[in-house]
Amino acid sequence: MNEMKRVLIIIAGTLAWFAVLALFAVSFHIASDWRIKIEGVPDGEAAVECGGDFTPPAVTAAFYGNILFRGGVPLTVAADGAVDASKVGEYVLRWRTSAFGTDAEAEYRVSVVDTTPPVITLVPEEREYILPGTAYDDPGFAAADIADGDITDRVRVDTEDDGKTLTLRYTVADSSGNGAEAERTVRYDDPIPPEIALLGDAEISFYAGREVFSEPGFTASDNVLGDIADRVKVEGEVDSGTPGTYVIKYSVEDDYGNRAEAVRTVTVVEPPKPRTVTVQKDYPVDGPIPDRVIYLTFDDGPGAYTAELLDVLKKHNVRATFFVTGNGDPSLIAREEAEGHSVGIHTMTHDYYSIYSSEEAFFADVWAINEIIKEQTGSYTTLLRFPGGSSNTVSRFNPGIMTRLTAAVVEAGFTYFDWNVTSGDAGGTTDTREVFLNVTGGISGKSAAVVLQHDIKGFSVAAVDDIIEWGLANGYVFLPLTPCSPTARHRVNN
Ligand code: ZN
């Protein structure tokens, strides 16, 4: 029994000791205030500019108590998470540790943001200007953003063109809404002058009064504007009736002040002086007009009797005048000239209705026959006889034409002749004897006789031999007409 008691007392004593120890341990624990501290995590949140530097904070942890470990016992910290500063985003960094069954953790929020605008880079325009009207060839551009990288393909280009300056505006925005813009201006200019091309010759000349100058025209073009003929300014005038040198200036200007000029020189030439006709007879053609002179004149040839007539004239060494047409063998004109006769203009066609339809038509006809005369004789003639004479009335279908032409031919340098002795061979008679009597009767009493005959009429030509013999026997000198000879002009009737 006592043994039993002793065992129970030992047990009770041990339990009491345990209770005291436990009470002590709990009191110690409470009094020590055990805790874990994580240190080095900044307060709040961080914002980092994209592309900048971000250094994660140095974080440590330790176990502390008030009684024991007051200096702290370092703990191992597990870090989780990372910040990529090159990418815009929200990042969280976490740290964890534990000791004696107690966990501790901390976190840090970091925003990587992009507040930096992108940059637009223009490839420089090397040209000082561009030609108007040409499509602009952009030398290039690029856009880069710190966050988005190459955003060239997002660039918008707006163009403004006022004709003098081309403005290009480049705009772009990055994903964060930061915008950038750039501008390029290019000047329009045109250094290339326009061109004037003259139609017709740049140097024109003609005889005064024989032509009327009319502008042959021109073209003008510009590299930008195209056809600018309507801008050409023409300065200068030509007086077709007055000899001289006339300069016509053509000028044109494009929109950029480039000019082109051209010049045409028109020389209006004094008509040729009358041809000097050399006569082998005793009386000089250019000398004083003799007291008694006969000018035999033959119209409308050459014809079938011209050669025969030339033979008769040659036989008597007598010179006459032929007012020729384009109707016969032109080589006879050469012979007339070669044998000392005067050659004058009558008409190319002898078609009154066409010749007298206008001044232009008349002069065209005159010059057509004068060209033939030149071909045959080597020079133009200034001697002229109007078809029908200056007194004709057949031209009255064109009122006043003879009044105008008689002045115009003189102004053009011609000398025109009518006649004061008619042979009647144009219709009055077809008889050789009557022709002779008409001519000799007409000459009688005149000191200077201008006789009209036609060498296309055989019966008239047949009278010439007798007429010459009669004239020579009566003291007359036969001469060819020159511009200084008596003109025997009629009164104009139209
Ligand atoms: Zn005639």
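The values are calculated or read from the model by the stated rules, or taken from the named source; none is laboratory data. Treat the numbers as computed from the prediction; the structure is a model and nothing was measured. Ideal geometry is used to build each Cβ from the backbone, glycine not excepted, and the neighbour counts take in all protein chains shown. Surface accessibility is based on the protein's heavy atoms, side chains included, excluding ligands, DNA and RNA. Shrake-Rupley method; radii C 1.70, N 1.55, O 1.52, S 1.80 Å.
In deg cm²/dmol and to the nearest 500, what is the mean residue ellipticity at 222 nm of the chain if only DSSP H runs of at least 4 residues count, each as -39500 (n - 2.57), divided by the residue total?
Per the formula, -7000 deg cm²/dmol.
Once the Cβ-Cβ distance between PHE54 and VAL119 is put in as r, and R0 is 25 Å, what FRET efficiency do you end up with, to the nearest 0.05?
Given R0 = 25 Å and the Cβ-Cβ separation, E is 0.65.
Roughly speaking, what % of Cα-Cα pairs in the chain are separated by over 42 Å, rounded to a whole number?
Of all Cα-Cα pairs in the chain, 61 percent lie more than 42 Å apart.
Can you run phi through the Karplus equation (6.51, -1.76, 1.60; θ = phi - 60°) for the range 55-60 and list ³J(HN,Hα) in whole Hz, with x for Gly and Pro?
10, x, x, 7, 10, 10
Counting just the Cα atoms, what span does the range 119-187 cover along each of its three principal axes? Round to the nearest Å and put the largest first.
40, 20, 14
Taking the Cβ of VAL41 as the center, what net charge do the other residues with Cβ under 15 Å away carry, scoring Lys and Arg +1 and Asp and Glu -1?
Computed value for this residue: -2.
Along the charge dipole of the chain, Cβ charges K/R +1 and D/E -1, which of PHE213, VAL110, GLY244 sits furthest on the positive end?
GLY244
Please figure out what share of the DSSP beta bridges in the chain is antiparallel and state it in percent, rounded to the nearest 5.
65 percent
State the extension gain, in nm to one decimal, for the chain segment bounded by LEU21 and VAL247, taking 0.36 nm per residue of separation less the distance between their alpha-carbons.
Additional length available on full extension: 67.5 nm.
Using only Cα atoms, what is the ratio of the radius of gyration of the range 293-478 to 2.2 N^0.38 Å?
Scaled against compact globular proteins, the figure is 0.99.
Residues in the range 51-92, backbone N under 19 Å from the label point at THR102 (7 Å along the Cα-to-beta-carbon vector): list them, ranges by number please.
Only 60-78 pass the distance filter.
Extending each Cα 7 Å along its Cβ direction at ARG169 and ASP291, get the distance between those two points in nm, one decimal.
So the label points at ARG169 and ASP291 sit 10.9 nm apart.
Excluding ligands and nucleic acids, what accessible area in Å² is computed for SER98 using a 1.4 Å probe, to the nearest 10?
Rounded to the nearest 10, the figure is 70 Å².
Taking 1 over the mean of 1/r across every pair of different Cα atoms in the range 34-113, what Kirkwood radius in Å do you get?
After inverting the pairwise mean of 1/r, the radius is 13.8 Å.
Count the lysine pairs in the chain whose Cα atoms sit under 18 Å apart, keeping only pairs 8 or more residues apart in sequence or on different chains.
Lysine pairs, 8 or more places apart or on different chains, close enough: 4.
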